[in-house]
Amino acid sequence: MSDTPGSSRPHRAMGFRDLVLFYIVTGISLRWIATAATVGASAVVIWLIAWCAFYLPLALSVMELSSRYPQEGGMYIWTKRAFGEFPGFMTGWTYWASNLPYYPAVLYFAAGNALYIGPASWQALSSNKTYFLLFALLGLALGTFLNVIGLSVGKWLHNLGAIGTWLPIAILFAIAATAWHRFGSATKFTAASMTPHMHFRDVLFMATIVFALGGSESASFLGDEVKDARRNLPRGLLAGGAFVTSGYILGTVAVLIALPANQISGLQGIMQAISQSAERVGFSGIGPVAALLITISNLGALGAWLAVSARLPFVAGLDRYLPSAFARVHPKWGTPHVALLVQAACGVIFIVLGQAGTSVYGAYEVLVSMGIITYFIPYLFVFASLLRLQREPAGPEVMRIPGGQPAAFALGVLGFTTTLVTIAFSAIPADDEPHKVLAVVKIVGLTALLLGIGVIAFAWGKSHAEKNPA
């Protein structure tokens, strides 16, 4: 593999403000606010624990590694340098593959909230598998189609999605403040209620919260496109992380002010809070608007990650191990249409597999859990690479983790441990999942299938490369 893949692509410098906005737009997903609120007031403290145990170690690790090795490819380059070609390939492969279960998960969330756009009778579809299946397929088709045409057209969906992320939170805050003023908070925020009891449910919830705080490594794939990367990447990471974490915490608090935790659904929690609270305070008619914004927000996030993940593995150098067709661009629109279409086909498979033999909410939980496992495997390599590459000298231009090598070792071990625990607990199904054994088999089996395909792809590509040396 080339260490500087994607060098023929146009480079557009991203400054500090661009990086902060990038981390905010890709880092906040409204569905995690609803999920967090189901735990109650202790979710606030759990958000902070997850930030300290995972986001901060990851952000500082990315800061030093991208400063040491600023070539395009990010975590693929770091892992390859630390452990060799095969671990490097598998890091890139699992990072790409983790998005396959993400697509149906985010589309299920969008479908659940879209039911609030119409009259109350639409809620009859909240447990209708056919509705969720069709919505997911149509949403995936829309995002893929716009990205095949090109970002000049597809970016409107991303931009609308960014707007649709913040306006519902603002609406929820306005309603929650009014409801609090008139009726008081639906949730008590005391030292006792905010203290995590570390019950089994809280530990499982922690895995999901850690997953929500992932993504700080994404800008490292841009390489030369980041202006003054050694200075702006760490500043953008920390500023973006503060915005992401505060947005999650404030959004969770607003939901809990509007509704008690036992009345919140992980699929539709924000819309439940907005619609029910709007009726209490007399803001009739605002619910459908908020539902439309949330639906657009998730479709925009889908479109953005479709665009990113179709390019990431190939920018990282995976083209050597995949058929040459994946490197083709559309003759008219100049987009990686083969990669996008194959990615969409894989997404369809995961949508169908996620629904097999389980409830709508159970399918959503299976998809989220499977995404966590495959998504976090690359993070194990990032933290392990930080530890291993401490043996290499760092020049004066490298931005080291404050505290030097001892702090780097401590943060690397903390991040690696948090990631490993997250992976282990993410395989455990939800309490209300009626088919727990089937859910575990799906999570572990499909994850193993993704890894197995990656191993086969590497072996085939390695053999092909040796027979046909460049």
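Of all residues being buried (at least 21 other Cβ atoms within 10 Å of the Cβ) and in a helix (DSSP H, G or I) in the range 313-335, which is modelled with the highest pLDDT? Just the residue, please.
It comes out as Tyr321.
Any residue in the range 372-385 that is over 17 Å from Gly454 (Cβ atoms) sitting within a Cβ distance under 8 Å of a residue that is charged (D, E, K, R) and in a helix (DSSP H, G or I)? List the pairs, counting only those 6 or more apart or interchain.
Listed pairs, sorted by first residue: Ser385/Arg81.
I'd like to know if the range 75-89 contains one or more residues that are farther than 27 Å from Asn232 by Cα and either crowded, with 24+ Cβ neighbours inside 10 Å or free of Cβ contacts under 8 Å to residues at least 40 places away in the same chain (or both).
Among the residues of the range 75-89, at least one is farther than 27 Å from Asn232 by Cα and either crowded, with 24+ Cβ neighbours inside 10 Å or free of Cβ contacts under 8 Å to residues at least 40 places away in the same chain (or both), which makes the answer yes.
Tell me, yes or no, whether the range 96-107 has at least one residue that is more than 21 Å from the chain's Cα centre (by Cα), at pLDDT 85 or above and of a type in the set (A, V, I, L, M).
Of the range 96-107, the ones more than 21 Å from the chain's Cα centre (by Cα) are none.
No, the range 96-107 has no match at all.
Looking at this structure, is Trp96 in contact with a helix residue (DSSP H, G or I) (Cβ under 8 Å, 6 or more places away or on another chain) and either assigned to a helix (DSSP H, G or I) or in contact (Cβ under 8 Å) with a residue 24 or more places away in the chain (or both)?
Values: in contact with a helix residue (DSSP H, G or I) (Cβ under 8 Å, 6 or more places away or on another chain): yes; either assigned to a helix (DSSP H, G or I) or in contact (Cβ under 8 Å) with a residue 24 or more places away in the chain (or both): yes.
Yes; evaluated as a whole, the condition is true for this residue.
Ala344: touching a Gly at 6+ places or on another chain (Cβ under 9 Å) and at pLDDT 80 or above, yes or no? Steps first, please.
Values: touching a Gly at 6+ places or on another chain (Cβ under 9 Å): yes; at pLDDT 80 or above: yes.
In short, yes.
Which of the residues belonging to the range 108-140 are of a type in the set (Ser, Thr, Tyr) and modelled with pLDDT under 90?
Step one: list which residues in the range 108-140 are of a type in the set (Ser, Thr, Tyr), which gives 108, 116, 121, 126-127, 130-131.
Within the range 108-140, Tyr108, Tyr116, Ser121, Ser126, Ser127, Thr130 meet the criteria.
Answer yes if at least one residue in the range 375-394 is surrounded by 14 or more Cβ atoms within 10 Å (Cβ to Cβ), at pLDDT below 70 and hydrophobic (A, V, I, L, M, F, W, C), and no otherwise.
Of the residues in the range 375-394, the ones surrounded by 14 or more Cβ atoms within 10 Å (Cβ to Cβ) are 375-390, 394.
Then keep just the ones that are at pLDDT below 70; that gives none.
Checked the range 375-394: no residue is surrounded by 14 or more Cβ atoms within 10 Å (Cβ to Cβ), at pLDDT below 70 and hydrophobic (A, V, I, L, M, F, W, C).
Among the residues of the range 401-437, which ones are part of a loop (DSSP other than H, G, I, E, B) and either surrounded by fewer than 17 Cβ atoms within 10 Å (Cβ to Cβ) or without any contact (Cβ under 8 Å) to a residue 60 or more places away in the chain (or both)?
Residues satisfying the conditions are Pro402, Gly403, Ala427, Asp431, Asp432, Pro434, His435.
Being within 23 Å of the chain's Cα centre (by Cα) and farther than 17 Å from Leu146 by Cβ is the filter here; which residues of the range 330-341 pass it?
none
Quick one: what pairs do we get from the range 388-399, first residue over 17 Å from Leu233 (Cα atoms) and without any contact (Cβ under 8 Å) to a residue 40 or more places away in the chain, second among the aliphatic types (A, V, I, L, M) and crowded, with 16+ Cβ neighbours inside 10 Å, C-beta under 8 Å, 6+ apart or different chains?
From the range 388-399, the pairs are Gln390/Ala408.
Yes/no matrix, rows are residues, columns are (1) part of a helix (DSSP H, G or I); (2) out of contact with any strand residue (DSSP E or B) (no Cβ under 9 Å at 6 or more places or on another chain); (3) of a type in the set (Ser, Thr, Tyr); (4) within 30 Å of Met271 (Cα to Cα):
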| residue | (1), (2), (3), (4) |
| --- | --- |
| Ala36 | yes, yes, no, yes |
| Val39 | no, yes, no, yes |
| Ala82 | yes, yes, no, no |
| Pro87 | yes, yes, no, no |
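Is there a residue in the range 141-148 that is at pLDDT 85 or above, closer than 26 Å to Leu259 by Cβ and either surrounded by 23 or more Cβ atoms within 10 Å (Cβ to Cβ) or not aromatic (Phe, Trp, Tyr) (or both)?
Checked the range 141-148: no residue is at pLDDT 85 or above, closer than 26 Å to Leu259 by Cβ and either surrounded by 23 or more Cβ atoms within 10 Å (Cβ to Cβ) or not aromatic (Phe, Trp, Tyr) (or both).
Which residue pairs have Cβ atoms under 7 Å apart, sit 6 or more places apart or on different chains, and have a first residue in the range 297-311 that is under 11 Å from Asn147 (Cα atoms) and part of a helix (DSSP H, G or I) and a second that is at pLDDT below 80 and aromatic (Phe, Trp, Tyr)?
Trp305/Tyr102
Within the group Phe22, Phe54, which residue is among the aromatic types (Phe, Trp, Tyr) and at pLDDT 90 or above? Step through it out loud before you land on a result.
Working: Phe22 fails: at pLDDT 90 or above.
Just a single option satisfies the conditions, and that option is Phe54.
The values are calculated or read from the model by the stated rules, or taken from the named source; none is laboratory data. None of these values were measured; they are calculated from a predicted model. Note: ideal-geometry Cβ built from the backbone for every residue, glycine included; neighbour counts use all protein chains shown.
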